[in-house]
Structure formats: structure tokens, C-alpha cells
1. Does the chain classify as rounded, prolate or oblate by the C-alpha gyration tensor (a ≥ b ≥ c root eigenvalues; a/c under 1.5 gives rounded; else a/b over b/c gives prolate, otherwise oblate)?
2. What is the percent carbon and sulfur in the accessible area of region 62-209, measuring with a 1.4 Å probe over the protein chains and ignoring ligands?
3. Output the peptides 271-284, 60-73 sorted from most to least packed, where packing is the average of other Cβ atoms within 10 Å over each peptide's residues.
4. Is there a quick way to get the dipole size of the chain? I mean about its Cα centre, with the Cβ of Lys and Arg at +1 and of Asp and Glu at -1; what is the value in debye to the nearest 20?
5. In whole percent, what relative contact order does the chain give with Cα contacts below 8 Å and a gap of six or more residues?
6. In percent, how large is the relative contact order of region 173-307, given Cα pairs closer than 8 Å and 6 or more residues apart?
7. Keeping all protein chains in place, calculate the accessible area per residue for the chain (probe 1.4 angstrom), answer in Å².
8. Is the shape of region 56-127 best called rounded, prolate or oblate, per the rule: a/c under 1.5 gives rounded, else a/b larger than b/c gives prolate, else oblate, with a ≥ b ≥ c the square roots of the Cα gyration tensor eigenvalues?
Amino acid sequence: MTTSMPEPTAPSSRGAIDLAALKKVHPEQIDAPENNAPSWVRTIDQALFPEIVALSQQVPVIVSLGSPRSPASVQLDGLLASVVNAKNGAVVMATVDAETESTIAQAFQVTQIPSVIALINGQPVPMFQGSAEVSQIQSLLDELLSLGIQHGVAGTVAPFSTGTAGAEAPLPPLHQAALEAIEAGDFQAAEIAYKHALNDKPNDTDAAIGLNQVRLLMRTQDQDLAAVRAAGAANPDDLEAQLAVADMDVVGGHVEDAFGRLVNFIGRNFGDEREAARARLVELYSIVGVHDERVVASRQKLARVLF
């Protein structure tokens, strides 16, 4: 069991999440606390994984990878949930069925279950494998919250009462329709819903970001990771090849790699291809979050190659 909290580090399994395997089911929230008490714990699949990663920019996120068939996993999730819920939104928890959602487990390089990993600003922080006592969990959680403060992640979020991470109020109807379509794997329907939302309200920033997210999912859902990477390596100045690798990197959580790839491409090329790469990079910035440290740093590098 881990006794000290390391700094967040990017996983070495590059681009491990394969969207071609997206499940067309909506995961149920973990059993709610008694008496309808608020809960900051939910079960996620690949479709909800980007949402949880984004939430880690506001509060630390604990990811528990296990199996409902494992008594040790079930017991650990119960202990973790009780400690997390006691923090009243200063930290949240996502449970993952590592057998069903094997690509998420692969992304975190899980070798045994149960395994517990945290996310801060989208970066994984290893915690422990196997069982743990409540006192050990509480101690590690306190360390995690301190680490979050050091990295500027020290907010609070509302409980998962609506099924949407961090939601404080019902979504507008078209946004709700888009979210439900995403969770059902119907990205085309989600794209249409977000387009309608933008037609109704052109300055709807959330709809614009949602549209970019859906288009990213559509572009990557049928891609073979190995083939995309091989094409990118073989054709460093081919626009489509580099855009494809950047997309897969963002989906896999390798944001800095994606940004660096496109900034370098822009620095080497001119004309329409340069502008197309810049436009895609701006889309990816919106998906990651304009205030994210990696976006801020990349914008500075982009400015240097453009001007």
C-alpha cells in the first residue's frame, strides 16, 4: 500500500483508450447512501471518462478500478465512498469495472484489482492496490487534497444527483438530449442537438465546446490506434495523419503530446494546411479547457511559431 503521495505524472501507456469500443449503455450510479443522502460517487464507462477527467480540474478525482465479482473490490468501494462522501464535494470518486472497461484499465496500466488511482488536472496520481483500512484511506485522501491545493485544484462540486458530474441545475433540453445521445453512443444525434442549440443561441459556449467534443469522438471512434500512430510517424508533414494522432492523444489523455505535435506541424508548414492545423488546435484547446495550464503553455508556443 502506498504511504506517500507522488506528484501527478502522465501515464506511459500512450493513447490507450480506444473509442472504437465505446459501450452503448448508460452506467448506473453506485448504490446511493441511505435516506437519499447526497453522493459524490458514480460509476463510469468510456463515454463518461472525459467528463471525469475534466472534473479533475476542479477537485481531485479518485478512480477505483475493480470488479463487481470481486468481494475485495466491493468492500473497498464501500469504504472509499464513505470517506469521499464525508468530504462534501471536495473530492469525488469514479468506480470502473476493469473487466468490462478494459481500455480504461489499460490506460492506467492496472495489473491487479482492486487498484486506486487519483486524477488532478487530468494527470494520474498512483495511490494503492489491494485492500486498505479506513484510517489508511483517510490519510491518503488528506494527502491528495493537500496535493490538489498545491496544483490549484481545491474547489467543491455538487453531488451526482442528476447523473451529470458536478451538475448543479438541470441542463437545457438540447444539451440534455446531446448528453443522452453521447451516453447511448449516438454521436450524430448529439452533434445535431448541439447544432440546434447553437442555432438558437450562437453565443452558447457550452454547446460549442460540446460540439467540438462530439466531433472528436466521431473522428476517433473507428480509428485503430497502432495504424494511426504508424501513419503519423511515417508522414510527419501529412496534415491528416498528424491531426489523427493529435485527436487520439487528446482522447487518451496525452494532451501535451497532441498540442506539441500540432504546434510543430504549424511551425514547419504554411498556407491552407497550416491554418487547418491551427483551427484543429483551437478546437482541442476548447475541449481541454481554455484555463488549463497545458492550454496556456501551448498558446504561448503557438504564438511564437505564428509570429
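The values are calculated or read from the model by the stated rules, or taken from the named source; none is laboratory data. Quantities reported herein were computed from a predicted structural model and do not represent experimental measurements. Virtual Cβ from ideal backbone geometry, glycine too; neighbours counted across all protein chains shown. Side chains included, ligands, DNA and RNA excluded: accessible areas come from the protein's heavy atoms. Shrake-Rupley method; radii C 1.70, N 1.55, O 1.52, S 1.80 Å.
1. Details: a/c = 1.75, a/b = 1.47, b/c = 1.19.
Cα axes put the chain in the prolate bin.
2. The C+S portion of the solvent-accessible surface of region 62-209 is 52 percent.
3. 60-73, 271-284
4. 640 debye
5. 21 percent
6. Rounded, it is 17 percent for region 173-307.
7. Solvent-accessible surface per residue comes out at 47 Å².
8. Oblate, since a/c reaches 1.5 and b/c is not below a/b.
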